[in-house]
Amino acid sequence: MTLHVKTFDELTNAELYAILKLRVDVFVVEQKCAYADLDGRDETALHVFLTDGNGIAAYLRVLPVGGYYDDAAMIGRVIAARRGEGLGAEILRAGVDAACSRFGAARIRIEAQSYAQGFYEKGGFVRCSDEFDEDGIPHVEMVRDF
């Protein structure tokens with residue numbers, strides 16, 4: 001397993017295509033959620049992903065402070081291509097590390113799908129909002145301070 005942390009400009013065409021395909025396969029097709037994945041924020045994000053012989057095994061993006069929230073970096077689009085292998089926890093740790101080391105984040109916020117709240121709590125995040133609807137899926141906002 002190889003960890004990659006890249007800016008948008010550092011991604012190869014093949015990496016960008018694989019990332020976008022994985023995001024669409026999971027968030028649009030699997031979850032049956034029509035939403036604007038291409039939101040204009042990828043260009044300012046760090047793209048954190050794990051690869052193995054099968055391609056991208058896990059992915060997330062990190063937005064800098066001010067890229068979504070004025071007081072925090074943001075982690076989003078968290079995906080493990082295969083479940084039950086610990087890839088989600090591994091990519092979340094890598095994303096937190098990237099937010100702190102590359103963006104100097106003292107706070108990270110996420111908008112977690114409600115069913116995944118326990119997963120993010122294991123990663124040190126604390127729920128800080130009531131449940132809300134995002135594109136037809138229940139979400140909660142969570143935060144982690146350093």
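A short reminder: the numbers here are calculations on the coordinates, not readings from a lab. Model, not experiment: these values are computed from the prediction. So basically every Cβ, Gly included, is an ideal-geometry build from the backbone, and we count neighbours across all protein chains shown.
At 7 Å along Cα-to-Cβ for each site, give me the label-to-label distance between residue 16 and residue 90 in nm.
The modelled label-to-label distance comes out at 2.7 nm.
Length gain on complete extension for the stretch residue 34 to residue 71, per 0.36 nm per residue less the alpha carbon to alpha carbon distance?
Values: separation 37, 0.36 × 37 = 13.32 nm, distance 2.89 nm.
Between residue 34 and residue 71, full extension yields 10.4 nm more.
The list (1) -0.31, -0.97, -1.57; (2) -0.34, -0.96, -1.38; (3) -0.43, -1.05, -1.29 gives values of log10 I(q)/I(0) by the Debye sum over Cα atoms at q = 0.10, 0.17, 0.21 Å⁻¹, and only one came from this structure; which label was calculated from it?
After the calculation, the listed value that fits is (1).
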